[in-house]
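The values are calculated or read from the model by the stated rules, or taken from the named source; none is laboratory data. Note that the structure is a prediction, hence the values are computed from the model and not measured. Cβ: placed from backbone, ideal geometry, glycine included. Neighbour counts: every protein chain shown.
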Amino acid sequence: MGTNEHTQSSNAHLTTPTRLTGAEIVWATLVGEGVTDVFGYPGGAILPVYDALRKFPIHHILVRHEQGAAHMADGYARASGKVGVAIATSGPGATNLVTGIATAMLDSIPMVCITGNVSSKILGTDAFQEVDITGITLPITKHNFLVNCTEDIAAAIRYAFQIAVSGRPGPVLVDITKDAQQGTAVFDFAAAKPRAYRPHPMLRVEKPALEQAAELIKNAKRPVILAGHGVIQSGAMEPLRTLAERMQIPVALTLLGLGAFPASHELNMGMMGMHGEAWVNHAIQESDLLIACGMRFDDRVTGTIATYAQKAKKIHIEVDPAEINKNVKVDVALVGDLSEVLEQLLPRVAGRDGSSWLKAIEASKGACAVRDIKNLPDSGHLYAAHVMHDLWRITGGNAIVATDVGQHQMWEAQYYKHEHPRSLITSGGLGTMGFALPAAIGAKVACPESEVWVIVGDGGFQMTMCELATIVQENLKIHIAIINNGYLGMVRQWQEFFYDRNYAATPLLNPDFARLAEAYGIRSETVSERSQVVPAVQAARQHEGPMLINFKVEQEDTVYPMVAAGAALHDMIRRPSPIVETAEDE
Ligand SMILES: Cc1cc2nc3c(=O)[nH]c(=O)nc-3n(C[C@H](O)[C@H](O)[C@H](O)COP(=O)(O)OP(=O)(O)OC[C@H]3O[C@@H](n4cnc5c(N)ncnc54)[C@H](O)[C@@H]3O)c2cc1C
Ligand SMILES: Cc1ncc(C[n+]2csc(CCOP(=O)(O)OP(=O)(O)O)c2C)c(N)n1
Ligand SMILES: [Mg+2]
């Protein structure tokens, strides 16, 4: 924990207006907002803030690259539902945050980034390490502030927190000039409270729309619930389950929705979309009613829009009015917080017999399942699917898994069955390689009692592997599984399908990851046979510190099924024989 020599007096500032420096106001406001952990990296323009840190009861995690700080704050937010906080200096410190901010923006993650900037008198002069970070981040933040006087710091930070969590969540940046940090002002936490949040005027559920939705649900013969990330963000797991169970409607999940509905539930069909289950995509295409709950019809989910679920009426329950009719035209829009909307909808729907549709979906599985590789006898080949499947079994589906981006991300989504919300931490919208390791650090800081696994490709790992040092410095028990296929696998897969197997710039010459981990003081093991997977995973779980396992898997394995970009959702590339497809589960 960070030092907190003045804990009592700093907390007292929250109730008694007191004169403080701007730097102290930054921390006092964060304390007031309930922040306990921040992820950051110092530098000249933010030094006053760092100098004041010791006076406040906040744990600062020193990262090795500011991108890591942003992903950690993001992972912290995804795992806990609280706002994650990242801090950086001006210029290169601030620009290093950019990828992490965009990652959070695309997935609607509540995050506050605080950056220092040069003194207000020299702003705009190309001063040393000056960049216009509010300009740079304008399109990738929900809002941002440039604060150049001490008096405004508390209110800006308090607004940032309110904006980050209200309505559709998102990242907010507060850029504070050095002279504002050095000046003094009376800090009055209560007086800096933002005006009450004013919901968007369109955020109201009209009674006729509710009635219309209820009518469509009652009369549907082949309905499908599309459950997305918004279910988790709204905390609407229970009402969603009630709707599904009462009306006997099967549930399909987006990548970011995994965990919103228990994987083991009989109504859970699995993931939809580009690498979703074939039967899920077919069910969507055959459906006569889609009930979209907190999902935004991303193109990875719909395939080409022209042929998307053409037989289906569509109900969209969504907190952001801008999402309505953006990608898919809908028949009924219920704009509002999902939990609140479902609360109003549920009393209007009593029950229906969904058995024949459920049976039809079940019957379609035999013909189109992908659950194959994990059940093959040990042939001496180690497939990534083995690793995911064994990991899932050993952890009982109860770990928090942070994945990176690529083939391993899709295999994790297919073979690790998530029972609980906030148990899959993954970059969906931006698809940011390098996300997993730092995001897992954030998740572990947020949920120290949880078992946290990183599942990362050999490519993405090398983008942010410097954060291994952060793991060691913070003494975090995080397990790291590198899915080492010697390729930028997902790109190689596209080259295999669409570029005549011209593997341009995708083979990787990798370091020995196990020895690399050891250099950081992290225990490690290399695994290349299936029989070694379980013992290695058990060893990691039993070891008291972090452990890295270098899984050397089949180099040219491919993620199936796949909806090619621009293809119809039902038009999936399937795994060719001789590997037999079966719906069998162990
Ligand atoms: C390599 C790769 C492959 C991928 N393949 C797939 C795939 O096969 N299938 C797939 O599903 N995804 C896939 N993705 C992810 C995809 O790009 C999208 O990120 C994902 O589909 C978005 O899911 P979502 O709409 O549930 O979440 P988000 O993009 O986070 O959208 C959530 C929606 O919920 C709304 N919301 C938030 N809070 C509330 C609330 N309180 N009440 C109501 N609404 C709320 C938001 O406004 C937003 O519109 C892939 C990504 C990568 C990197
Ligand atoms: C920062 C970034 N650069 C490039 C890409 C494009 N990209 C998507 S997947 C991928 C390959 C990932 O390779 P690896 O990390 O080894 O995972 P694998 O697909 O092999 O499981 C690349 C390069 C990206 N998503 N993010
Ligand atoms: Mg790889």
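Candidates are the residues of segment 410-426 that are in contact with a Leu (Cβ under 8 Å, 6 or more places away or on another chain) and farther than 15 Å from ALA227 by Cβ; the one that is surrounded by the most Cβ atoms within 10 Å (Cβ to Cβ) is GLU412. When LEU391, LEU376 are screened for being farther than 19 Å from PHE261 by Cα and at pLDDT 95 or above, only LEU391 passes. For segment 239-270, residues that are within 16 Å of SER423 (Cα to Cα), surrounded by 21 or more Cβ atoms within 10 Å (Cβ to Cβ) and either of a type in the set (A, V, I, L, M) or more than 8 Å from ligand 1 (Cβ to nearest atom) (or both) total 8. The set of residues in segment 475-493 being surrounded by 18 or more Cβ atoms within 10 Å (Cβ to Cβ) and not aliphatic (A, V, I, L, M) consists of HIS479, ASN484, ASN485, GLY486, TYR487, GLY489, ARG492, GLN493. Listed by first and then second residue, the pairs linking a residue in segment 123-139 that is within 17 Å of GLY43 (Cα to Cα) to a residue that is in a helix (DSSP H, G or I), with Cβ atoms under 7 Å apart and 6 or more places separating them unless they lie on different chains, are GLN129/GLY44; GLN129/ALA45; GLN129/PRO92; VAL131/ALA94; VAL131/THR95; ILE133/ALA94.
Restricting attention to segment 447-463, the residues that are crowded, with 24+ Cβ neighbours inside 10 Å, away from ligand 1 (no atom under 14 Å from the Cβ) and of a type in the set (A, V, I, L, M, F, W, C) add up to 4.
Quick one: would you say ALA536 is in contact (Cβ under 8 Å) with a residue 24 or more places away in the chain and either out of contact with any strand residue (DSSP E or B) (no Cβ under 8 Å at 6 or more places or on another chain) or outside any loop (DSSP other than H, G, I, E, B) (or both)?
no
For beta carbons closer than 6 Å, sequence separation of 6+ or different chains, a first residue in segment 394-420 that is at positive phi and within 8 Å of ligand 2 (Cβ to nearest atom) and a second that is in a helix (DSSP H, G or I) and modelled with pLDDT of 95 or more, the qualifying pairs are GLY406/GLY489; GLY406/MET490. Set side by side, the residues ALA469, ALA504 differ, and just one is more than 16 Å from ligand 1 (Cβ to nearest atom), surrounded by fewer than 24 Cβ atoms within 10 Å (Cβ to Cβ), at negative phi and more than 24 Å from the chain's Cα centre (by Cα), which is ALA504. The set of residues in segment 453-466 being more than 16 Å from ligand 3 (Cβ to nearest atom) and under 18 Å from the mean Cα position of the chain (by Cα) consists of TRP453 alone. The set of residues in segment 545-576 being assigned to a loop (DSSP other than H, G, I, E, B), closer than 20 Å to LEU488 by Cα, of a type in the set (D, E, K, R) and in contact with a strand residue (DSSP E or B) (Cβ under 8 Å, 6 or more places away or on another chain) consists of GLU556 alone.
In the set (1) in contact with a helix residue (DSSP H, G or I) (Cβ under 8 Å, 6 or more places away or on another chain); (2) of a type outside the set (Lys, Arg); (3) surrounded by fewer than 17 Cβ atoms within 10 Å (Cβ to Cβ), the condition left unmet by LEU210 is number (3).
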